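Okay, structure first, notes after.
Computed from the coordinates by the stated procedures, all read-outs in this text should not be read as laboratory data. Please read these numbers as outputs of a predicted model, since none were measured by experiment. No Cβ is skipped: glycine too gets one built from the backbone with ideal geometry, and neighbour counts run over all protein chains shown.
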Amino acid sequence: MKWFCFFLAFPLFAEEPMIRHADEITYEWLVKLGATGYTDHIPHFREIFSHYKVNTFLEFGMGFSTKYFLDSADKVISVEFVTHGYGPEWIQKCIELLGAHPNWIPIAYFTGYQGNPSWAPHPHLGSDAVYRAASYQCATHRNYALIDPSYLLELDTFISNLVNSHQVDIAFVDPGIYLRGDLVQRLFHKVSVIVAHDCRRTLELLENDVYGYSRIYPPDDYEEILIPFGQGTTVWIIRKENFLPLIDAIKKYASPEPTMVST
């Protein structure tokens, strides 16, 4: 049996935002776009960055937000999954838009892809297992690891190799494929600060676990903070002494009455 799913690079815009140059992507523009839910995490990151110096930023799922991260961190590693169902058009567009940034490493993670990967500046040739797991999660909202857990080992090895090569300060999980819960779980004890987007509806309706967030079991030494505004963003921060000020700041920010962030 095969499971097929269409992975959307954009939310359902009436029209695709007309961005022709990276300089058009400003913080203010991203905040305005956040009314769609697509980039409503950007103010949260401004709050995090105001308390935490980020040298290397790792994101799963690249997009317009990537420009803000490139402006805020010394190095950004972006991983985009390229599959049979979710082709290369979006990552190719992002590379065209942002490729001139010298502090950017855009990785194309190929899984179940039937085309030629030679166009990618930083290709990773994965197995078909990740694509099968993502398709199954999208179609059924169930855990493919009960059928074939090999994709978890593959993702774990991929992330381990990344963090062993780059000292990652923060990881953001917001890819087009639906394995977000699995990615978050693999990041614990590899990255000290982990952020995931589109959490609110999933956490309220766990029986309709679109992204597999219910499969996240944070270790005891991580603080979990849900920022409930908009689509919902969750932050996990390791409970070490030097991170306690960040934990306190994000808890305060995530309170029912949002704290205004100075510009």
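Quick look at the numbers
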item	result
Footprinting exposure proxy for 240, 67 (fewest neighbouring C-beta atoms within 10 Å first)	240, 67
Computed helical MRE - 222 nm, the chain, DSSP H runs ≥ 4 contributing -39500 (n - 2.57), nearest 500	-9500 deg cm²/dmol
Per residue Cα convex hull volume in Å³ - calculated over region 29-132	113
Dipole-positive endmost among 146, 108, 176 within region 79-194 (Cβ charges, Cα centre)	146
Potential lengthening between residue 142 and residue 114 on full extension [0.36 nm per residue; Cα-Cα distance subtracted]	7.5 nm
For region 82-240, size of Cβ-based charge dipole, Lys and Arg +1, Asp and Glu -1, in debye	80
Separation in nanometres of the label points that stand 7 Å from Cα toward Cβ, at residue 84 and residue 251	4.8
Virtual spin-label span in nm between residue 221 and residue 51, 7 Å along Cα→Cβ	2.1
Base-10 log of normalised Debye intensity for region 54-253 (one unit scatterer per alpha-carbon) at q = 0.12, 0.15, 0.18 Å⁻¹	-0.59, -0.95, -1.38
Rounded Å value of the spacing that divides the Cα centres of region 208-254 and region 110-147	27
Sequence of 30, 226 once ranked by neighbouring C-beta atoms within 10 Å, starting from the fewest	226, 30
Proxy reagent accessibility, fewest Cβ within 10 Å first, across 131, 68	68, 131
